[in-house]
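What follows is a short report on a single structure.
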Amino acid sequence: MLDNVLTSDLPNPLNHPIEDKVFPNKYEEHFYLSTNEDTREKFWAEQAQLIDWYKEPEEILDDSNPPFYKWFKGGMLNTCYNCVDRHAEKHPDRTAFIYESAMTGVRAKYTFAELKDYVSKFAGVLKKHGVQKGDRVIIYMPMIPEAAFAILATARLGAIHSVVFGGFSGTELASRIKDAEPKVLIYASCGIEPHGIVDYKKNVEEALTILDRKDLTRIVRVREQYKIELDKDYEFDFYEELKSASPEDCVPVESTDYLYILYTSGTTGTPKGIVRDNGGNAVALAYTMKYIFDIHPGDVYFSGSDIGWVVGHSYTIYGPLIAGAATVMYEGKPVGTPDAGVLWRICERYNVRGMYSAPTALRVVRREDPNGKFMKECNLKNLNMISIAGERLDTTTFAWLHDHLPEHVIVNDNYWQTETAWSIGTNFVNLHTFKSKPGSCTKPAPGNLVEIMGEDGKPVPNGTLGKVCIKLPMPPSFMSTLYKNDQAFVEKYMTTVPGYYFTGDAGMFDQDGYLHITTRVDDIINTAGHRLSTSQIEEVLTSHPDINEAAVIGVRDEVKGEIPVGFVVLKKDVFTYRSEIEKQCIQKVRHDIGPVASFKHCVIVEKLPKTRSGKTLRSVLRAMMNGIPPKIPPTIEDITVIEQIKQTIVQLGFGTSADFEYQQEIDYKQELLSP
């Protein structure tokens with residue numbers, strides 16, 4: 001271990017009893033201590049002992065410039081050291097990283113010692129090409145080990161990584177390059193999808209042409225499935241560079257120094273770059289691995305999320321490794337590579353203890369395997385929790401998981417955002433396990449003082465729908481700001497209710513104190529003075545035996561203001577007439593919710609428009625139904641779905657707009673060319 005790493009000198013005030021305070025369980029204790037103004041800093045000082053520091057923090061919380069709060073100010077650490085080196089020193093032969101590709105058939109395991117060797121040498125490659133502390137590095141790669149090496153190596157040097165999802169177009173990549181101004185771009189020659197090769201080289205060249213940046217240094221992982229010719233002046237082969245590289249030590253950084261920029265989807269030339277710090281991120285993820293997931297050194301964790309999304313950052317890369325556990329990286333799909341049992345077989349093969357997935361992935365698995373045959377065929381005795389994030393888990397899929405997984409497995413429909421990096425609402429394996437409720441993310445996580453606010457900015461009673469807000473300061477790992485745009489950070493997140501972070505979501509607490517997230521605030525429908533949640537109607541629709549998933553949006557109505565319209569996707573092998581199913585869905589909503597819903601239009605479609613991370617693009621459907629040119633985000637999974645739905649909308653007699661999907665791309669490129 002490095003001589004100047006301190007692990008035990010931080011104060012441990014919580015060993016002393018809290019006078020006159022009795023807690024019914026450990027969750028209530030942690031929640032109180034982490035949110036109470038008098039105990040908050042002491043609580044997080046204790047959690048800071050879960051990681052290794054070069055220099056302990058001088059101040060646990062700097063609240064001198066709200067809403068720009070800083071955690072563990074004055075502390076010095078290195079995130080890569082906490083993920084790799086400290087475990088390699090104690091347990092060099094313990095498995096750290098497991099890779100499985102359904103696309104190539106490759107399986108590989110790396111010990112902590114081997115991971116350190118790759119990462120430290122690739123840090124040497126980056127340093128050779130001029131990367132220093134504070135520089136930005138863009139990583140544009142599929143789910144391959146070299147992507148993890150690149151992420152950790154960037155953090156090792158104290159540089160800032162920005163991972164761009166491998167499915168993004170050249171235009172999207174260009175927007176990230178323009179904003180981040182990277183010293184180096186690391187990319188792979190291709191991604192591999194069931195339908196064939198995705199040419200990353202073509203997208204990179206398009207991005208650099210748009211920006212006139214052909215001189216940007218690129219390090220390229222040339223895959224066997226798609227060999228390309230490199231530009232001899234500016235492109236360098238990943239493994240050729242690695243052969244001659246010297247290993248680099250970890251560079252100490254301030255706790256408040258940036259670890260990464262993660263750009264969220266947008267439809268203009270100015271992307272929204274969410275910035276995360278080193279110290280808060282490391283402490284928060286260490287806390288979640290121990291107390292939410294009960295993951296410890298030697299365990300195995302499997303997050304199915306792509307590294308281009310925040311779940312991939314937190315729980316494919318950083319969280320498990322900080323905890324000393326092995327992490328599983330999977331290149332493939334939840335179905336079709338080869339079948340709907342692949343996720344469960346991975347859990348069995350590697351003795352996985354905790355798993356993360358997305359509702360969309362689980363819905364397609366349920367569609368292919370409605371009776372849970374593959375789950376039952378696998379030995380999942382070691383799996384303790386499956387966590388679901390990305391959007392709200394529908395009650396039908398919740399019930400399917402609950403019915404077919406082993407009884408001991410907790411189905412954790414947790415709630416969080418790219419902005420927070422970990423759960424706002426969740427259940428717990430370690431602190432206290434609550435009885436799961438379909439449709440609820442259970443309880444607010446420690447550090448998150450959630451309040452439901454009415455239109456007047458004041459708290460509403462339990463059982464009342466309102467805006468989901470969190471009292472400041474936010475807990476560690478909350479975004480530091482928007483990259484190069486403090487003003488937008490304040491305007492977007494901090495002005496709706498002064499003193500609170502506004503999540504943009506609507507929800508409520510029920511009478512048992514369980515948190516329910518119903519929809520985005522923009523998706524609440526006001527029908528003849530009645531406020532209706534689209535998710536409530538979607539739950540009714542997906543309870544129909546022939547419906548696999550649904551999306552409900554509001555359409556303008558001259559009399560009622562807005563009326564709901566439903567889009568539904570059928571399960572496999574449904575032979576009932578579509579018109580009959582549509583009638584049944586309309587009748588079911590009227591029966592289960594009442595005539596007040598004014599639900600008169602239900603449309604069967606082959607697919608719903610979604611982002612590549614699985615979120616349904618309700619805003620696009622809403623715009624199309626209202627005759628407004630929609631903003632098609634570049635993260636859309638399948639643009640052909642838009643044309644199919646447009647034709648259906650025309651047949652219904654609602655308005656639409658021609659050729660809108662192409663105009664957005666043209667405008668976007670034009671803005672990128674501007675200074």
For this session: Return the whole-Å distance between the Cα centroid of region 482-503 and the Cα centroid of region 296-313.
Result: 28 Å
For this session: Calculate what fraction, in whole %, of the accessible area of the chain sits on carbon and sulfur atoms when a 1.4 Å probe is rolled over the protein chains.
Result: 47 percent
For this session: Let me know the Kirkwood hydrodynamic radius for region 439-495, please, with Cα pairs as the basis and the value in Å to one decimal.
Result: 13.2 Å
Exercise. So for the pair ASP522, VAL106, with labels modelled 7 Å out along Cα→Cβ, what separation do we get in nm?
Worked result: 3.9 nm
Exercise. What's the center-to-center distance, using Cα atoms, between region 50-128 and region 213-258 in Å?
Worked result: 19 Å
Exercise. Relative contact order for region 489-590 using alpha-carbon pairs under 8 Å, separation at least 6, rounded to a whole percent?
Worked result: 18 percent
Exercise. Rg/Rh for region 165-209: what does it come to with C-alpha atoms and Rh from Kirkwood?
Worked result: 0.98
Exercise. Taking the Cα centre of region 259-398 as the origin and placing charges on Cβ (Lys, Arg +1; Asp, Glu -1), which of SER387, PRO338, GLY312 is farthest toward the positive end of the dipole?
Worked result: SER387
For this session: Excluding residues fewer than 8 places away in the same chain, name every one of the aspartates and glutamates whose C-alpha is closer than 16 Å to that of LYS70.
Result: GLU37, GLU41, GLU56, GLU58, GLU59, ASP62, GLU254, ASP257, ASP277, GLU419, ASP486
Exercise. Out of [x] 29.3, 85; [y] 29.7, 111; [z] 24.6, 74, which label holds the value of Rg and Dmax of the Cα atoms in Å that was computed here?
Worked result: [z]
Problem set entry | Rounded to the nearest 10 Å², the accessible area of ILE604 at probe 1.4 Å | 10 Å²
Exercise. Rounded to the nearest 5, what % of the DSSP beta bridges within region 526-663 are antiparallel ones?
Worked result: 75 percent
Exercise. Taking the Cα centre of region 22-75 as origin and charging only Cβ (+1 Lys, Arg; -1 Asp, Glu), how large is the dipole, in debye to the nearest 20?
Worked result: 120 debye
Exercise. If you wrap a convex hull around the C-alpha atoms of region 143-254 and split its volume per residue, what is the figure in Å³?
Worked result: 113 Å³
Exercise. How much area per residue is accessible in the chain when the probe is 1.4 Å and only protein heavy atoms are counted (Å²)?
Worked result: 39 Å²
Seminar exercise, completed: If R0 = 45 Å, then ARG556 and ASP215, at their Cβ-Cβ distance, give a FRET efficiency to the nearest 0.05 of 0.35
For this session: Could you grab the relative contact order for the chain? Cα pairs under 8 Å, six or more apart, rounded to a whole percent.
Result: 11 percent
For this session: Could you sort 648-654, 48-54 so that the peptide with the highest average Cβ count within 10 Å comes first and the rest follow in order?
Result: 48-54, 648-654
Exercise. Using a basic spin-label model with each label point 7 Å from the Cα along Cα→Cβ, how many nm lie between LYS373 and TYR577?
Worked result: 3.2 nm
Problem set entry | Cysteines without a disulfide-compatible neighbour (Cβ-Cβ under 4.7 Å), the chain | CYS80, CYS83, CYS190, CYS250, CYS347, CYS378, CYS441, CYS469
Problem set entry | Of LYS55/LYS243; LYS178/LYS243; LYS202/LYS484; LYS373/LYS610; LYS201/LYS631; LYS443/LYS467, those spanning more than 22 Å from alpha-carbon to alpha-carbon | LYS55/LYS243; LYS178/LYS243; LYS202/LYS484; LYS373/LYS610; LYS201/LYS631
For this session: Considering the options HIS516, THR576, ASN548, tell which one lies farthest towards the positive end of the dipole of region 511-608, charges being +1 on Lys and Arg and -1 on Asp and Glu at the Cβ, about the Cα centre.
Result: THR576
For this session: May I ask what percent, to the nearest 5, of DSSP beta bridges between residues of the chain are antiparallel?
Result: 60 percent
Problem set entry | Modelled label reach - GLN511, point 7 Å along Cα→Cβ, region 419-463 residues with backbone N closer than 12 Å | 462-463
For this session: Rounded to the nearest Å, what's the spacing between the alpha carbon centres of region 27-43 and region 548-614? Just the number, please.
Result: 44 Å
Exercise. Given the rule -39500 (n - 2.57) for each run of at least 4 DSSP H residues, summed and divided by the residues of the chain, what is its mean residue ellipticity at 222 nm, to the nearest 500 deg cm²/dmol?
Worked result: -8500 deg cm²/dmol
Seminar exercise, completed: Rounded to 0.05, the calculated FRET efficiency for the beta carbons of THR264 and LYS202 at R₀ = 25 Å is 0.55
For this session: May I ask you to order 338-347, 57-66, 310-319, 430-439 by the average number of other C-beta atoms within 10 Å around their residues, highest value first?
Result: 310-319, 338-347, 430-439, 57-66
Exercise. Once both labels are modelled 7 Å past Cα along the beta-carbon direction, what's the PHE68-LYS128 spacing in nm?
Worked result: 3.8 nm
Seminar exercise, completed: So LYS243 and GLN587, fully extended at 0.36 nm per residue minus their Cα-Cα distance, gain in nm 117.1 nm
For this session: Please arrange GLU181, GLU146 by accessible surface area, largest first, computed with a 1.4 Å probe and ligands excluded.
Result: GLU181, GLU146
Problem set entry | Relative contact order, percent, region 427-499 [alpha-carbon distance under 8 Å, six or more residues apart] | 22 percent
For this session: Would you mind classifying region 61-218 by shape? Square roots of the alpha carbon gyration tensor eigenvalues, ordered a ≥ b ≥ c; an a/c under 1.5 is rounded, otherwise it is prolate if a/b is larger than b/c and oblate if not.
Result: oblate
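The values are calculated or read from the model by the stated rules, or taken from the named source; none is laboratory data. Source: prediction; values computed, not measured. No Cβ is skipped: glycine too gets one built from the backbone with ideal geometry, and neighbour counts run over all protein chains shown. The protein model used for the area step is the full one, side chains on, heavy atoms only, and it has no ligands, DNA or RNA in it. Shrake-Rupley method; radii C 1.70, N 1.55, O 1.52, S 1.80 Å.
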